[in-house]
Each structure stands twice: as C-alpha cells, then as structure tokens.
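> Here you go, one structure.
Values quoted throughout were computed directly from the atomic coordinates according to the rules given, and no laboratory measurement underlies them. Only a predicted model underlies this, so the values are computations on that prediction, with no experimental measurement involved. Methodologically, a virtual Cβ is constructed for each residue, glycine included, from the backbone with ideal geometry; neighbour enumeration extends over all protein chains shown.
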Amino acid sequence: MWTAKFWKKTAERAGKTAAQFALGALGATVFTSVGEVVGTGQAVGFAALFGAIASVLTSVASIDIGDKGSPSLVAGGE
C-alpha cells in the first residue's frame, strides 16, 4: 500500500470513477428543466468527488485480495 505503483493505480481508478459519476450526474440533469440545470455544476463536482473517494476506499480495502500491493481485486492484472 505504501508504494508509488499502488497509489498511481489507485489514482487511475479514482479518476475513472469520478468521470463516471460526473457523466451520470450530467445525464440525470438532461431530464430536468433548463432552470433546474443552472447551478448543477457544483452537484456534478460533488458527485465526482464522492465517486473518487469511494474508489480510493475500495482500492485500499482490496490491497491484499488480488496481487499483493495492488489496488485491484483481480490477481495478475499487471
């Protein structure tokens, strides 16, 4: 867990999850009126942040499940 490789992979997963949450939040705003869409940037940012936090926590919890020292649940995922 204390290697640069672990945190690089964790950051990659967190970034991907943040992007997924942001896209999901943006997609949800499509169904609201234009007046409600204004100001949703903050909500999208928070959704992305929460997604990134969830991803980091999952990576840390997975550290000894897959390859030793990897944030992945899958062994051999190098």
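> I want to check the label-to-label distance for Thr58 and Ala4. Put each point 7 Å from Cα in the C-beta direction and report it in nm to one decimal.
2.7 nm
> Could you order peptides 12-18, 2-8 by the average number of other Cβ atoms within 10 Å of their residues, highest first?
Values: 12-18: 17.1, 2-8: 10.9.
In descending order of packing, they fall as 12-18, 2-8.
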